[in-house]
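The values are calculated or read from the model by the stated rules, or taken from the named source; none is laboratory data. Note that this is a predicted model, so its numbers are computed, not measured. All Cβ positions, glycine included, derive from the backbone under ideal geometry; neighbour counts span all protein chains shown.
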Amino acid sequence: MKNITLKAGNEQNFFHRGKVLARLADAGQPIPIERTVSIESLPKFTEPAAKLWANVPAAIKKQLLANVWCGKCRHGVTITNFTGTVNAGDLLLVGVCAECRGDVARVIEMDA
């Protein structure tokens, strides 16, 4: 059975780890076997946006997030690493295209 260790880190930790591994490689020493999985940050919402988003059913949220137009890819994509704000009473999600990593946005019109 393999041991699994989970660690939370930030950008500094990531680059520090890279430097340590580079030093080991330069010295001809073995590199420890480990796997790193990066997880996108949790969405950040303003308080009013969080309240609106909380009222959207989970199935609809999934459809909205997977159906965002990317001008660079020229088709519908999934939005990742997004933030939420309220603009003129509507919910505005601004984030990153899951395919090209370009900027994307989704306006969710809220019923008055």
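For the subset of the stretch 58-112 comprising residues that are farther than 15 Å from P43 by Cβ and among the β-branched types (V, I, T), which member is surrounded by the most Cβ atoms within 10 Å (Cβ to Cβ)?
For the stretch 58-112, the residue satisfying everything is V77.
With D111, D90, D103 as the choices, which residue is among the acidic types (D, E) and out of contact with any strand residue (DSSP E or B) (no Cβ under 7 Å at 6 or more places or on another chain)?
None of the other options fit; the residue is D111.
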Worksheet item: Looking only at strands (runs of 3 or more DSSP E) that fall completely inside the stretch 23-112, which ones have 3 or more residues that are closer than 24 Å to N10 by Cβ?
Response: 79-87, 90-97
Item to complete: Please state which one of V96, V37 is under 21 Å from the mean Cα position of the chain (by Cα), modelled with pLDDT of 90 or more and over 20 Å from D111 (Cα atoms).
Response: V96
Worksheet item: From the residues in the stretch 40-57 that are farther than 19 Å from E109 by Cβ and surrounded by fewer than 12 Cβ atoms within 10 Å (Cβ to Cβ), which one is modelled with the highest pLDDT?
Response: E47
